[in-house]
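I have placed the structure first, in the form of structure tokens, so that the comments after it can refer back to it.
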Amino acid sequence: MDARTYVASVAEESLGLAAGSLKPETVPDELVSGFSSALRGEATAGAEGPLLERLMLSPVLAAARDAALSEDGYLVRKARWPGAAPFAVCLTHDVDNISRPRSHLWRTRSRFSAPELVAGLLGLVSLYDNVKLLAKGEGSRGFHSSFYYLSSNYPLGAVRPESDRIRASGWDVGLHGDFGTHDSQEKMDEAVTRFSGAMGFRPTGLREHYLRFDFAKSWPIMEAAGFDYDTTVGTNDRLGFKIGMASPFHPPDGAWSPMNLLELPLVLMDTTLWGYLKRSEEEGFSDSLRMMKDVEDVEGLFTLLWHQEAVRMKGGRIYWRLLDEIARRGCFVGSGAEISRWWRSRSTPLVKRGNLIRLDGQPPHGLVLRLNLAEGRTPRVSSGSIERRGDEYLVRPEGPDFALEVDH
Ligand SMILES: [Zn+2]
């Protein structure tokens, strides 16, 4: 593969177009060069917004739609998210610490409410271990999230019982890559071995501590260590989209072939708001909503990192308001593992032959096709349902015999 073919394959999958329908030669140079420099870690002019996502919607999708409507009389594509949800949210928590000495708690006492501070000082509650609290609050809203544990900062034996409990209820537990794992295969393999031995399973999801990332080395190391997905690529010290992407993609290997590894680009980290930008709670809340809006505008994935130790603190406690806001938006919400599962099952090819459209395999649960028709065309669906929404149709495949036909 070359860069252009790789970018065409990413755009085709991302936009959910029929297999082979996006010809590499039609992909604009701006998107190919934007992708190539982003994947080398070179900041692009559009890194303040999801620039590559915007280019995929326009001109790529817009041009594909115009061409398909005039040539075939219709355009069909897989919706990005289950139920054709407008965008998705991935909830994640890094577990940097699970306890702090009483002296630290006293020194930072202004961060906590008076009753919690007293309870914390008396040892009645651990203010820095909020895994259970988070899982309870997320579960009550029908959400799951991911927790990433360091393998060498605290005894994993202490966190295993809670990890076992939440995993059994659908939460995702992965590795928070210790220092050095992002550019050393040996360190990564050691961390995976330590984690697996203590936790009783091999981690499939990853986020690097301090978002350390080396564009030449990190993805190949993660791929070789057998990770299913990573969610490290994001900004620390400012708000923005590090590589201009806000949806999952398979990073390329040295020969521009997509890896098995899926990258879920990180969109917002709590400590950027409080530690780097010194925002007030209200400012931090509006910044979060603005970032979410940028993602919604491109049908993207809002991957949120909220440190578990911060959720009772000033700033960190707005997490619950954010969850309520997310619940109101009608978006798809999942852990890293759920997002990865969905993205992989959605890759079932959409096969188009003339005016007949099928799926090459069992339709994944929740898959919706979005259909645009030219004047005078009529859709016919077998093994599925169809409904009109605005100026398009939503088609729900229901079984392996699904077929959609567009008549003159
Ligand atoms: Zn960390």
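The values are calculated or read from the model by the stated rules, or taken from the named source; none is laboratory data. Bear in mind the structure is a predicted one, so any value in this text is a computation, not a measurement. Don't worry about glycine lacking a Cβ; one is built from the backbone with ideal geometry, like all the others, and counts go over all protein chains shown.
Tabulated values for the structure
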item: Failed condition for Ile221, given (1) within 16 Å of the ligand (Cβ to nearest atom); (2) of a type outside the set (D, E, K, R); (3) without any contact (Cβ under 8 Å) to a residue 60 or more places away in the chain; result: (1)
item: Among residues of the stretch 205-235, those that are of a type in the set (A, V, I, L, M) and under 17 Å from the mean Cα position of the chain (by Cα), counted; result: 4
item: Contacts under 6 angstrom Cβ, first residue in the stretch 302-330 being closer than 17 Å to Leu239 by Cα, partner polar (S, T, N, Q) and within 16 Å of the ligand (Cβ to nearest atom), 6 or more apart; result: Thr303/Thr231; Leu305/Thr92
item: Glu116 vs. criteria among the acidic types (Asp, Glu), assigned to a helix (DSSP H, G or I) and assigned by TED's automatic domain parsing to the domain that holds Ala337; result: yes
item: Helices (runs of 4 or more DSSP H) lying entirely in the stretch 130-230 (those with 2 or more residues that are not assigned by TED's automatic domain parsing to the domain that holds Cys331); result: none
item: In the stretch 92-121, residue farthest from the chain's Cα centre (by Cα) [restricted to those that are within 16 Å of the ligand (Cβ to nearest atom) and buried (at least 20 other Cβ atoms within 10 Å of the Cβ)]; result: Ile98
item: Which numbered condition Val333 misses (of (1) in the same structural domain as Gly73 (by TED's automatic domain parsing); (2) touching a Phe, Trp or Tyr at 6+ places or on another chain (Cβ under 6 Å); (3) among the aliphatic types (A, V, I, L, M)); result: (1)
item: Subset of the stretch 144-172 (residues that are within 16 Å of the ligand (Cβ to nearest atom) and out of contact with any helix residue (DSSP H, G or I) (no Cβ under 8 Å at 6 or more places or on another chain)); result: Tyr148, Asn153, Tyr154
item: Any hit, the stretch 198-208, residues being out of contact with any Ser or Thr (no Cβ under 6 Å at 6 or more places or on another chain), within 16 Å of the ligand (Cβ to nearest atom) and basic (Lys, Arg); result: no
item: Elements of type strands (runs of 3 or more DSSP E) contained in the stretch 265-375, each with 2 or more residues being in contact with a strand residue (DSSP E or B) (Cβ under 8 Å, 6 or more places away or on another chain) and within 16 Å of the ligand (Cβ to nearest atom); result: 301-305
